[in-house]
Amino acid sequence: MVIELSQIFNSYLKNTKFKSKLVSRKYCMEMPIPHGEHKFLKIVYPASEPCLPPNLKGNTFECLFGTNQSMLELFILKRKIRGPCWLNIKNVQSVGNVNDYRATWCKQECHISDPKFVDCSRLEDINRPSPPLTSITLSMKTTRSIDNTNEIALISFQINDNVNQDGPTGK
């Protein structure tokens with residue numbers, strides 16, 4: 001089975017290393033597989049690579065699960081983040097200067113090297129007040145130009161300072 005998977009990875013994902021191991025999982029969804037606990041081959045490869053096709057089949061396997069699952073969805077499920085909650089984040093690394101690469105416009109940006117450094121806060125944090133939050137809502141309207149291309153006609157926004165549980169105090 002691993003030899004077949006290696007060939008598939010080489011055809012879809014060039015020079016990508018992957019890890020695999022046999023795991024036991026419970027299954028009760030729509031596929032024609034008997035409900036209950038089964039042995040599955042868990043495959044892990046870098047998120048920088050594209051997804052494998054969901055309808056891929058082979059000689060030693062019938063189907064693939066989780067091929068269209070986003071990294072955010074996987075992170076939320078694995079870290080058991082359910083609804084609004086406080087998160088404990090360990091081993092935080094700051095981005096550094098403004099000249100360095102930044103992925104957001106936030107005042108502070110940080111990175112962690114492993115998603116296992118994030119976990120939901122415990123029961124004692126449930127009654128803590130929410131931190132101050134500022135949100136912005138953008139709206140953009142476009143029109144067709146004479147050249148039959150889209151042009152921005154209007155951009156509007158609303159800033160809400162100190163958004164909390166009681167609602168925003170808008171400006």
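Only Lys, Arg, Asp and Glu carry charge here, each on its Cβ (+1 for the first two, -1 for the last two); on that basis the chain has a dipole of about 520 debye about its Cα centre. Between the helical axis of 2-12 and the longest alpha-carbon principal axis of the chain there is an angle of about 40 degrees.
Net charge in the neighbourhood of Tyr45 (other residues with Cβ under 9 Å of its Cβ; Lys, Arg +1, Asp, Glu -1) is +1. For the residue pairs Lys39/Lys116; Lys42/Lys78; Lys17/Lys78; Lys19/Lys39; Lys78/Lys116, the alpha carbons lie more than 18 Å apart in Lys39/Lys116; Lys17/Lys78.
The numbers here are math on the coordinates, done by the rules we state, and not lab data. What you see is a predicted model, and the numbers here were worked out from it, not measured in a lab. Positions of Cβ are backbone-derived with ideal geometry, glycine not excepted, and every protein chain shown enters the neighbour counts.
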